[in-house]
Amino acid sequence: MKKVAERPKLTFWQIFNMSFDFLGIQFGFALQNGNASRILQTFGADVEHLSLFWLAAPITGIIVQPIIGYYSDRTWGRLGRRKPYFLAGGILSAIALAFMPNASLLLFMPPVLVGAGVLMIMDASFNVAMEPFRALVADNLPDSQRGLGFSIQTFLIGIGAVAGSLLPYIFSEYLGISKTAAPGHVPPNVIFSFYTGAIILITSLLWTIFKTREYPPSEYEKFYNEEPNGKSKGLLTIFSDFSNMPKTMKQLGLVQFFSWFALFSMWVFMAPAVAQHVYKVAPGDTSSVKFADAGNWVGVLFGIYNGVSAIYALFLPAIARLTSRKITHAISLLAGGAGLLSIFFITDPKLLILSMVGIGLAWGSILAMPYAILCGSIPAKKMGVYIGIFNFFITLPQIVNGFFGGWIVKNMFGGQAIYAIVLAGIFMFCAAVSVLYVQSEEEVNFSEAKMVNQLN
């Protein structure tokens, strides 16, 4: 595709406003990550079944994100191109956040099934909201600013995740809201945290919608000599695009598989692992103070690693310029693997903070570097659908983990969730090695040019 013009550079605050809704989305996502497992355990789920309930996220993502990407590439209305989708997704996410901790109110159905159903709706809604945001950054920024754009996005993700992760702890320890409840009921500090998350999500969503401008089709044509919405064979185009994905995307797929398998294990099994391994909570004990303390502390730990990722994201562009995007990502993933493995050797809850530093470095890079490496190899008119397809490499490892992770914990690890965290660390190391073999678009072009020169 031949470029005919370069997108104008945006100011820091324009990029900030464009990404601000990610703060609210990640606020809600952090509440889900830190509390969904213990909510489901409260409603009666066994540890070995938790990964099956968490399958809702990747299954909905693998279906929803490519479709949303496809249609957002072909949409233009009063709200713009991407905005209608993350508006709808944000509203549905807020409703699901408010309802999930209250699943026990539907007395005619088992709460664990209601909770799992709401978790699926929440995950689908988060996917609808998040996919267009990454495409929006690629739409509005020139290539020279995309690394900065994804870094600012990661910074805001970190801020939102810190606040969302810490909120249940703050409500119980500083505002005096009860952290325990009757068996089968979610504690008030968690319920009020989910209500707060819904409000913040909607507020940040509206901020981005009113503060961000999208290029209409007439302006978009100036940047590329093809219109963004050409003729296609409908949704079947997604399958042909998948089969013709760029080489860089295929190679990044392996990196993403290892990375997201590890992350899924951490999100699902961190709460029971810390409760069993560090707090010495007996299996099946979900109403004691020790279980509540473990759950609240996991929320704090998740807030810490997200805080580290937010700060680290600001330095990623500079580190990538000094080394390369691949080397930066590899070093970050190594730090994450070390952080996960270190949890096995820790018995003092406070020392887990050190583990979170390494995990935070990996998380900050995972949210930014793969997309910065990828975007240069994607046709602009298919940015939305290809970023949606790229989500396949995020959701597939989670689906694999969801089906087999609980079985592995029960039958191979004797119900000890800590070994799922150890396995996650090993997979993170594998991701660090595999990223070194990725060829970016710039490297592919350089290799081809070098070959031509040698032939001449």
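In vacuum, with every alpha carbon of the stretch 333-403 counted as one equal point scatterer, what does the Debye formula give for log10 I(q)/I(0) at q = 0.18, 0.23, 0.29 Å⁻¹? Two decimals, please. Values returned for q = 0.18, 0.23, 0.29 Å⁻¹ are -0.83, -1.01, -1.15. Can you pull a Stokes-Einstein diffusion coefficient for the stretch 119-219 at 20 °C (1.002 mPa s), Rh from Kirkwood over Cα pairs, as a whole number of µm²/s? Result for D is 132 µm²/s.
Both radii come from the Cα set of the stretch 281-370: Rg as radius of gyration, Rh as Kirkwood radius; their ratio Rg/Rh reads 1.10. Computed extension gain for Ser144 through Lys250, at 0.36 nm per residue and net of the alpha carbon distance, reaches 35.8 nm. Taking each of Lys9/Lys382; Lys326/Lys410; Lys280/Lys410 in turn, the alpha-carbon distance tops 26 angstrom for Lys326/Lys410. With no solvent and one point on each alpha carbon, what is the Debye value of log10 I(q)/I(0) for the chain at q = 0.06, 0.10 Å⁻¹? So the normalised log intensities work out to -0.25, -0.68. Note on Lys381: accessible area approximately 60 square angstrom, rounded to 10, probe 1.4 Å, nucleic acids and ligands left out.
Counting every C-alpha pair in the stretch 308-350, the share spaced more than 17 angstrom apart comes to 44%. Which log10 I(q)/I(0) values does the stretch 243-313 give at q = 0.12 Å⁻¹ under the Debye formula, counting every alpha carbon as one identical point scatterer? Taken in order of the listed q values, log10 I(q)/I(0) reads -0.49.
Rg/Rh for the stretch 131-178 (Cα atoms only, Rh after Kirkwood) is 1.28.
Helices meeting the span-like rule in the chain (full DSSP H runs, Cα extent of at least 15 Å along the helix axis, mean Kyte-Doolittle score of -0.5 or higher): 21-42, 56-73, 83-99, 111-140, 143-173, 188-211, 247-277, 289-322, 325-342, 352-366, 392-411, 418-435.
Available extension along the chain between Ile95 and Asp348 is 87.3 nm, counting 0.36 nm per residue and deducting the alpha carbon span. Each stretch of four or more DSSP H residues adds -39500 (n - 2.57); spread over every residue of the chain, this sum gives -24500 deg cm²/dmol at 222 nm.
In the context of the full set of protein chains, residues of the stretch 281-336 present 40 Å² of accessible surface per residue (probe radius 1.4 Å, heavy atoms only). Treat every Asp and Glu Cβ in the chain as -1 and every Lys and Arg Cβ as +1, leave all other atoms uncharged, and give the resulting dipole magnitude about the Cα centre to the nearest 20 debye. About 660 debye.
The values are calculated or read from the model by the stated rules, or taken from the named source; none is laboratory data. The model shown is predicted, which means the values in this text are computed figures rather than measured ones. Virtual Cβ from ideal backbone geometry, glycine too; neighbours counted across all protein chains shown. Only protein heavy atoms, including side chains, enter the accessible area calculation; ligands, DNA and RNA are left aside. Shrake-Rupley method; radii C 1.70, N 1.55, O 1.52, S 1.80 Å.
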